[in-house]
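I have placed the structure first, in the form of C-alpha cells, so that the comments after it can refer back to it.
The values are calculated or read from the model by the stated rules, or taken from the named source; none is laboratory data. Since the structure is predicted, the reported quantities are computational estimates derived from the model, not experimental observations. In this analysis, Cβ positions are derived from the backbone assuming ideal geometry, glycine residues included, and neighbour counts consider all displayed protein chains. Only protein heavy atoms, including side chains, enter the accessible area calculation; ligands, DNA and RNA are left aside. Shrake-Rupley method; radii C 1.70, N 1.55, O 1.52, S 1.80 Å.
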Amino acid sequence: MRKALRWLLTLAVLLGTLSTARTAVAAEPEATGTATGTAADIADIADIADIKERLLAVEGVSLIEEKPYPGYRFFVLGFTQPVDHRHPSKGTFQQRITVLHRGVDRPTVFSTGGYNVSTTPSRREPTQIIDGNQVSMEYRFFTPSRPEPADWSTLDIWQAASDQHRIFKALRTIYPRNWISTGGSKGGMTATYYERFYPKDMDGVVAFVAPNDVVNDEDSAYDRFFATVGTKECRDRLNAVQREALVRREPLKKKYAEYAAENGYTFDLVGGLDRAYESVVLDYVWGFWQYSLLSDCDSIPADAKNASDDDLWNTVDTISGFDALTDQGLTPYVPYYYQAGTQLGSPTIEFPHIEKEYLRYGYPEPRSYVPRDIPMRFRPGAMRDVDSWVAHHARHMLFVYGENDPWGSERFRLGKGAKDSYVFTAPGMNHGANVAGLVPDQKALATARILDWAGVAPAAGATPKPLATFDAKLDARDMEREPTLRP
C-alpha cells in the first residue's frame, strides 16, 4: 500500500532519523493504496527507510554500491552462490545482482538479461506496468560473476535457474508480495527455463522475443522468414549489399585491416581477419531485421553495385559492426556461445542470392567463438524438454514476439495443457517488441493479466494500464548491436 504524504511527515516526527534520500522514497505518489494511518502503515514506512540494512542482513548479500534515483533506492549487490548447486561443497562465487527498490508493499519483478547485469537504474516494462520493485541478476560466467577457476560444465540452464531460485528465496522475506519474472531475448529464454525448473516460485512470467530452437539441425523457418519479411524492395537492397560486400572482399578487407590496426583489434578467437570479415558480412541482413524497422530501408544503398567502398563499409559497420567479431568484441560473450553450442542451439541459414564462389567458410557455428581448450558437447534434449514443458504445463506465461524479428522464427508455442498463457506478436516490430507494441485488444489483455498476476489488478470495469508513469531514463531499453548468433 502506498502512503499519503501526511503519514510520511508523521513518521518523520516520530522517528526523527530519516535521511533525505529515504524520505524521497517513502514520499512517492499515492498510486494504488489507501492511507489509513495504522501502526502497520508506519511499520511499512520504517521498512522502506531501512531497506539497505535489511538487504545487507540477508545471508550472502554484500554491498557493491548504491546509486540514487528519485523515488527509488538502487543497489548493486554481491550474492554468494554455489559453483555447483548439485554439489555445494565445490565452492562458491560472487554473483552480481541489482535491486531497484520501490516499496516492501509492492510486487516485485525478477529481471534477467541472460548476460551482464546493468549497474545503471532501469525498469523493465512489467516493472512499469505493476509499479513494483525490480531484482536483476547477472548470468553466471559473465564477468565478474564467474567462478575461479571456471568449471564450464557448471554453465547450464538448470544451474542458472537454481541461481535465480536461491536469490528469490533469500529476498522473498523482504518482498513478500507477488513476483513476476521477465527478460528479453536470452533473458526471456532464461525466465522461461527458470519457470520450467522452479514453477512454484513466480506468480507470472513475461518473456519477450525468446527464441526456442527445439531441433538444432532444422533451421528452415529462418530461411522462410528471410524470403518474405518486409517488402521485396527492401529485401533486394539488403541482399545486394551483402553480396557486393563479398564481391569486393579484398579492398574492404584492406580497410578492415587498417581499422583493426588503428584500434588494436585482433582475430585469434575467430580464426583470422578473413573469417571475421565474412562472418560480419553474413550477419548484415539478419542484423538489419533484428534491430531496424522497415522504414529504415531508405538508409540502405539502393544500387549496391555502383556504391562506393566507403558506402558499403559504412552500412555493414552500422548494422553488423566490424568490431563485433574481434577478440575484444567476442570475448565477453564466450559464455553465451558456449551455451549455444551445448544446450541452446543456434541458427544456420542459407544465402541463395550469393554464389558459392564468394563464400569461403559459410555460416559460423558457436564452436568457432569458444576457445579450443574449453570442451563442448551438444545436448539436444535440453530444449526439447523445455519446449514440451511449456506446451503442456505453462501457467501464467506471456510470450511477446516482433513480426519482423528473425529470432521469432523459432518460438515458444502453447499446447492444450497451458493455462492462462499467451503468445502474441507485435506487428512491424523487431527484437525490441513489447506489450506497448501489441494491437489494442492484445495490449489490454496482456496488461490486465500482468496486473492480475502481480496482485494489483484494477477494479472491475477499469481500463488496465501501467500503474507507473513512463520515465524516459528508467524505461528506455538498450538495443545493443550484437552479431547474429547472439539473441
- Task: Filter the stretch 260-275 down to the residues that are open to solvent by 50 Å² or more (accessible area, probe 1.4 Å) and part of a helix (DSSP H, G or I), then identify the one that is nearest to Val241 (Cα to Cα).
- Result: Arg275
- Give the residue, chosen from Tyr115, Tyr72, that is in contact with a His (Cβ under 8 Å, 6 or more places away or on another chain) and open to solvent by 10 Å² or more (accessible area, probe 1.4 Å). Tyr72
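Considering each of Glu278, Glu250 in turn, give the residue that is acidic (Asp, Glu), open to solvent by less than 60 Å² (accessible area, probe 1.4 Å), within 26 Å of His353 (Cα to Cα) and modelled with pLDDT of 95 or more.
Details: Glu250 fails: open to solvent by less than 60 Å² (accessible area, probe 1.4 Å).
The match here is Glu278.
For (1) part of a helix (DSSP H, G or I); (2) over 20 Å from the mean Cα position of the chain (by Cα), each residue gets a yes or a no:
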| position | (1), (2) |
| --- | --- |
| Leu330 | yes, no |
| Pro347 | no, no |
| Tyr361 | no, yes |
| Arg372 | no, yes |
| Trp389 | yes, yes |
| Tyr401 | no, no |
| Thr425 | no, no |
| Met429 | no, no |
- Criterion violated by Ser136 - all others in (1) assigned to a strand (DSSP E or B); (2) farther than 23 Å from Asp475 by Cα satisfied: (2)
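Are any residues in the stretch 281-306 open to solvent by 40 Å² or more (accessible area, probe 1.4 Å) and either outside any helix (DSSP H, G or I) or under 18 Å from Ile349 (Cβ atoms) (or both), and if so, which ones?
Keep residues of the stretch 281-306 that are open to solvent by 40 Å² or more (accessible area, probe 1.4 Å), which gives 291, 293-296, 298-299, 302-303, 305-306.
Result: Tyr291, Leu293, Ala302, Asp303.
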- Query: What residue, among those in the stretch 84-101 that are in contact with a helix residue (DSSP H, G or I) (Cβ under 9 Å, 6 or more places away or on another chain) and open to solvent by less than 20 Å² (accessible area, probe 1.4 Å), is farthest from Tyr139 (Cα to Cα)?
  - Reply: His101
- Item | Which listed residue is modelled with pLDDT of 95 or more and over 20 Å from Thr127 (Cα atoms), from Asn430, Asn434 | Asn430
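Of the residues Ile180, Ile174, only one is open to solvent by less than 40 Å² (accessible area, probe 1.4 Å) and part of a loop (DSSP other than H, G, I, E, B); which? Write out each step before concluding.
Numbers: Ile180 fails: part of a loop (DSSP other than H, G, I, E, B).
Selected residue: Ile174, the only one of Ile180, Ile174 that is open to solvent by less than 40 Å² (accessible area, probe 1.4 Å) and part of a loop (DSSP other than H, G, I, E, B).
So, Val400, is that one closer than 10 Å to Asn212 by Cβ and in contact with a Gly (Cβ under 9 Å, 6 or more places away or on another chain) or not? Explain how you work it out, then say what you get.
On the way: closer than 10 Å to Asn212 by Cβ: no; in contact with a Gly (Cβ under 9 Å, 6 or more places away or on another chain): yes.
No: the conditions fail for Val400.
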- Task: For Val109, work out the one condition from (1) touching a helix residue (DSSP H, G or I) at 6+ places or on another chain (Cβ under 8 Å); (2) open to solvent by less than 20 Å² (accessible area, probe 1.4 Å); (3) in a helix (DSSP H, G or I) it doesn't fulfil.
- Result: (3)
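Out of all the residues in the stretch 401-441, which are among the hydroxyl-bearing types (Ser, Thr, Tyr) and open to solvent by 30 Å² or more (accessible area, probe 1.4 Å)? Can you show your working first?
First, pick out the residues of the stretch 401-441 that are among the hydroxyl-bearing types (Ser, Thr, Tyr): 401, 409, 421-422, 425.
Those that are among the hydroxyl-bearing types (Ser, Thr, Tyr) and open to solvent by 30 Å² or more (accessible area, probe 1.4 Å): Tyr422, Thr425.
Among the residues of the stretch 235-246, is there at least one that is surrounded by fewer than 16 Cβ atoms within 10 Å (Cβ to Cβ) and part of a helix (DSSP H, G or I)?
At the first step, the residues of the stretch 235-246 found to be surrounded by fewer than 16 Cβ atoms within 10 Å (Cβ to Cβ) are 236.
Now drop any that are not part of a helix (DSSP H, G or I), which leaves 236.
Yes; the residues of the stretch 235-246 include at least one that is surrounded by fewer than 16 Cβ atoms within 10 Å (Cβ to Cβ) and part of a helix (DSSP H, G or I).
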- Where a residue in the stretch 126-155 is on the phi > 0 side of the Ramachandran plot and its partner, wherever it lies, is of a type in the set (Asp, Glu) and open to solvent by less than 10 Å² (accessible area, probe 1.4 Å), with Cβ under 7 Å and at least six apart: none
